[in-house]
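What follows is a single structure, written as C-alpha cells, with notes after it.
The values are calculated or read from the model by the stated rules, or taken from the named source; none is laboratory data. Note that the coordinates shown come from a computational prediction; the quantities given were computed from them, not determined experimentally. Ideal geometry is used to build each Cβ from the backbone, glycine not excepted, and the neighbour counts take in all protein chains shown. Surface accessibility is based on the protein's heavy atoms, side chains included, excluding ligands, DNA and RNA. Shrake-Rupley method; radii C 1.70, N 1.55, O 1.52, S 1.80 Å.
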Amino acid sequence: MTLKETYLKEVKNLIKDPYIYVCIKPISGMKSLNQFRFLIKKMFREVSKLYGIYEPHRHLKYVSIIEINKSIILGDDLYMGKFSKTSKSVQRNGNVTTNYLDVTDNIDELGFHTHIFLQKSFNNTEISHNLLKQYISNCFHKMGININYYEKRDEVYSIDNFINYHTKQLHYLNSEFLIYNTTKLLNPINTELQYP
C-alpha cells in the first residue's frame with residue numbers, strides 16, 4: 001500500500017462522520033520535523049483528555065499530512081531522507097558533489113505546514129472550536145513557536161477534489177510526513193512492508 005493510498009484510506013474512514021478541517025503553518029521557532037510531529041500528536045492527546053477521554057484507542061481521531069512549500073515547488077525530491085539542493089561543490093580532485101539538506105534542518109526555510117482532518121465530536125459531545133483553536137495555539141506558543149491557524153467549519157464542496165489537492169506532494173515524501181490515529185495504530189504504518 002502506497003503512502004497516498006494509506007492517506008486516502010485513513011481520511012475516508014474519518015470523514016464518514018462529521019469532521020473539522022484545520023491547517024497549521026509554523027511561522028517561526030520550529031526546530032525540526034520531529035518536533036512538529038510530536039506537537040501534533042501531543043495536542044490532540046491533550047484535547048482528548050480535556051473531554052475526559054484517557055484511553056488511547058478512544059482519543060480524538062485525526063489524519064495529518066505535513067507538506068513542504070519551497071522544496072516541493074522547486075521540484076526537489078527526497079534522497080535518503082534529505083532534499084537535494086541545487087548547489088554543487090567541486091572538490092580538489094575535480095569531482096562534483098551535490099549538497100543535501102536534511103529534512104529536519106532549516107524548517108523555517110522549507111515552510112512546513114500541516115493539513116489536518118479530525119472528528120467533530122466525542123460520543124455526541126461537540127468539540128468547541130474556540131477551545132480547539134486556543135489549545136492548539138497555546139501548545140505551540142509554549143514552545144516558542146508562532147503559527148498561522150486556519151479552520152474550515154463548513155463542509156468542503158467536493159471532498160474528493162479537496163483531498164486530491166492535498167495529496168499532490170505525497171509521491172515526493174515518506175511516512176515521516178503522515179500522522180494519524182484514525183485506527184488503533186498510533187504511528188504511521190511502515191510503507192516499506194509488502195502487502196499481498
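Taken as a whole, the condition of being modelled with pLDDT of 85 or more, open to solvent by 50 Å² or more (accessible area, probe 1.4 Å), more than 19 Å from the chain's Cα centre (by Cα) and hydroxyl-bearing (S, T, Y) applies to Y54. The condition of being out of contact with any His (no Cβ under 9 Å at 6 or more places or on another chain), closer than 23 Å to L131 by Cβ and modelled with pLDDT of 85 or more does not hold for E5.
Quick check on my filter: what residues within the stretch 38-49 are touching a residue at least 12 places away in the same chain (Cβ under 8 Å) and open to solvent by 30 Å² or more (accessible area, probe 1.4 Å)? Answer for the stretch 38-49, where residues must be touching a residue at least 12 places away in the same chain (Cβ under 8 Å) and open to solvent by 30 Å² or more (accessible area, probe 1.4 Å): K41, K42, R45, E46.
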